[in-house]
Every structure is written in C-alpha cells, then in structure tokens.
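This report refers to the structure that appears directly beneath it.
The values are calculated or read from the model by the stated rules, or taken from the named source; none is laboratory data. All figures in this text were calculated on a predicted structure; none of them were measured in a lab. Cβ atoms come from the backbone with ideal geometry, glycine included; neighbour counts cover every protein chain shown. Ligands, DNA and RNA are stripped out before the accessible areas are found, and what is left, the full protein with its side chains, is counted by its heavy atoms. Shrake-Rupley method; radii C 1.70, N 1.55, O 1.52, S 1.80 Å.
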Amino acid sequence: MTNPNVQALIWTGNSLDVLDQRQLPEITRYDRYADASGVAEAIKSMRVRGAPAIGIAAAYGVVLSVQQHFSESENWHQAVLTDIETLAQSRPTAVNLFWALDKMKAVLAQMPENIVDAVTECAIKIHADDLAANQKMGDFGATLLANAKGVMTHCNTGSLATGGYGTALGVIRSAVMQNPNLKIYAGETRPWLQGARLTVWELAQDGIPATLIADSAAAWLMKSRAIDWIIVGADRIAANGDTANKIGTYSLATLAKQHGVKFMVVAPTSTIDWSLENGDNIEIECREPRELLPACYDVPDSLVSAWNPVFDVTPSALISAIVTENGIVLNPSEQSNGIRSLQS
Ligand code: MRU
C-alpha cells in the first residue's frame, strides 16, 4: 500500500538515508547520515519535513548517537543527551519531534541490558506505528468523503511527510480507491511549494490525477462549488482542537467557513500536545526573510524586509472533523472535553 519509490527515510542499520526533498520533483537523491548532528542538520535544512517524518528521523538520530557513543566512552549517556538536545533544537513547531525524542529518552532511562538493540527497536516501532496509524486514518477519513465530488489539500502530508501513506493525503488516497472520480486540488503552498513540488508529484507516482492551484485561487475555487472538503495535516494540535499547520491553513479554514466547505484535520495522536489547553502558546517557526525576498532586496540597509512565519494556528471552531488513528471527533469546539476522547 506504500509506494517504494516515495520514501522519505530509509534506515540501513547503521545510517539513515534521507531523500533530499528540496530537489524534488526534478532530482531523486538520498543523502546518508551516520550521526545525530547530521540528522539534525537534515531536519533543519528541510531535506526531510512534515511533522511525523521529522519525529521518525529524530528517533533514528538517537539510535545513531547511541551506536556512536556507547562503545567509545564512559560518559556515553551524557553524549547521547547532548545529541538529543541538538535534535530538539532543529525545528520548533511540530510536536512529533519532541514526542519521539521523549520516547527514546524513556528507553534510555530504563537502561536495558542491550541498549543499542533497545533504542533501535523503539525507532523502528515509531516508524512502523506511524505507517499503520496513517492507514487507519485513511479508512476513517474516507468515510466522511462518501458523497464528496472534490477536495482540496494544502502543503504535503503524504508518504514523504510521514512514515508512509500519509495523513491528509492518506485520506485522499483511500477516498480515491472508493471513488476514482473524486477531484483533487492542491494549493502550491508558498514559499517552499510543498504542494507544487511534493504533493502533486506523490499523487502522480501513484497514478492519481491532481490539479494544482495558486494559493490565492482558493477562495475562487470554493466559490465555484468544486470542492466539498478541505483536508489538511497538522504539526501540533492542542487539547481543545486548535491546530498548528503550514502557513495558509488558517486562511483556508476561514474561507471554508464563508463558503460552506467542510474542513478536516488528519493527524496521528503523536501530533496532539495534551499539555496545551489551546493553541495560544504553540511556538510558530519564523524562517529567514531571504526565503521570501527577491535577491536584490537581500542586502544590508534594504528598505524592503520580509516576515516569514511558516505555520499558523486554526481555531478549533473552524474545524469540522479531526481524524486520528483512534477515531474521529466531529466539530471539536462543540465537545465539552475537547478532543480528549482520542487519548489512548
Ligand atoms: O515546513 P514543513 O514542510 O515541515 O511543513 C509540513 C506541514 O506543515 C505539513 O502539512 C504537516 O507537517 C502535516 S504532515 C503530515
């Protein structure tokens, strides 16, 4: 059910091969990392992205750290904790990164007899569990699309962004299997163009047709009545359902309300930050102005600058459904306990 040509991460046993997503769709190239700081750099530099994929990569980074330090120094535990801190600093918004690192730390804290095997098993399980969760979410989410004629998605939430299959894109894949006439629209997702460079490419690898639109065409698409649902992933969901996702998600949710289009968030429970009551305190990554600015303005004393937040928070009240591997919560803002029924 997953396409072997579309794998963000390949674990070799003593290194991690990372597909350089910055080169897609023109070039398919894997870079090999043999230590944790290399993996942290792969996350920071956007070779690997998408909340679940970042968490999985970080888990393998911890395995590499243990492999490197365990046999070589008495202070190996401290060296591994320092590497974990480096991995944690790589990107701030996707909670899956911290969730995966906490899981790896818990294994380290147990001090099992064969520490290398134990951390390796944990990382492989994080990876496999994410794939299994995606397939479940695909089935759950597709039930909501039984009568849909068209959907739109934002950013990339497919195999490249996850352990395989995808979150929002997994729901779309499952829905297309049941209804091959479902029309799929993908927004370009400026400034990194995850929609244009990754999402439509991934769908094409599976023979699924998709239509790309400029982000600014979304309102007009909704007005045309071509879509019934917008379906997105998430980088961090608070306990009341407020959802941080790629910049532009909040605009889409607001437009969806205006046009009577339903709005679905699809994410594994590893993306839910139960410590946050609402989305107010989610740290939003702000990236370099030069990612937005034409090169002529990227000079000292330029009068033109750029503000480049790369995520935003969609209030729960704009969300029609949150889909996880543990089930679906409809209209999360109307549930007195938020989305706590999903907590396992
Ligand atoms: O900056 P990126 O490319 O890491 O952002 C990715 C997204 O925002 C995805 O939509 C999100 O992680 C959901 S992924 C399954």
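The residues of region 9-132 have, on average, 43 Å² of accessible surface per residue, using a 1.4 Å probe with all protein chains present. Among 262-275, 285-298, 324-337, 120-133, sorting by the average number of other beta carbon atoms lying within 10 angstrom of each residue, highest first, gives 262-275, 120-133, 324-337, 285-298. Entry comment: accessible area of region 139-342 is 43 Å² per residue, from protein heavy atoms only and a probe of 1.4 Å.
The slack between residue 306 and residue 286, meaning 0.36 nm per residue of separation minus the straight C-alpha distance, is 6.1 nm. Listed here are the pairs 105/125; 103/125; 44/246; 136/257; 105/136; which of them are more than 21 Å apart at the Cα? Where the Cα-Cα span goes over 21 Å, the pairs concerned are 136/257; 105/136. Calculated [222 nm] ellipticity per residue, helices only, for the chain: -11000 deg cm²/dmol; basis is -39500 (n - 2.57) per DSSP H run with n ≥ 4, divided by all residues, nearest 500.
Of all DSSP-defined beta bridges confined to region 139-342, some 35% are antiparallel rather than parallel. Using bins of 10 Å that start at zero, the share of Cα-Cα pairs per bin across region 9-132 amounts to 14, 49, 30, 6, 1, in whole %. Under 14 Å from a label point 7 Å along Cα→Cβ of residue 73: give me every residue in region 84-124 with its amide N that close. 84-86, by backbone N distance to the label point. Would you work out what percent of the accessible area of region 16-135, with all protein chains in place, is carbon or sulfur (probe 1.4 Å)? Answer for region 16-135 is 51 percent, counting heavy atoms of protein chains only. Assuming charge only on the beta carbon of Lys and Arg (+1) and of Asp and Glu (-1), the dipole of region 9-132 about its Cα centre is about 460 debye to the nearest 20. Here the chain is assigned +1 on the Cβ of each Lys and Arg and -1 on the Cβ of each Asp and Glu. Its dipole about the Cα centre then comes out at about 1320 debye.
Taking the Cα-to-Cβ direction at residue 181 and at residue 254 and moving 7 Å from each Cα, how far apart do the two end points lie in nm? Placing both labels 7 Å beyond Cα along the Cβ direction yields 3.6 nm.
Placing R0 at 41 angstrom, the Cβ-Cβ distance between residue 220 and residue 341 gives a FRET efficiency of 0.65 after rounding to 0.05. For residue 233, the amide hydrogen comes within under 5 Å of the amide hydrogens of 154, 168, 266, counting only partners 5 or more places away or on other chains and with H modelled in the peptide plane. For the chain, rounded, prolate or oblate, judged on the Cα gyration tensor with a ≥ b ≥ c (square roots of eigenvalues), a/c < 1.5 rounded, else prolate if a/b > b/c? It is prolate, given that a/c is not under 1.5 and a/b is the larger ratio.
Determine the shape class of region 139-342: with a ≥ b ≥ c the square roots of the Cα gyration tensor eigenvalues, call it rounded for a/c under 1.5, and otherwise prolate if a/b is greater than b/c, oblate otherwise. Because a/c hits 1.5 or more and a/b fails to exceed b/c, region 139-342 counts as oblate.
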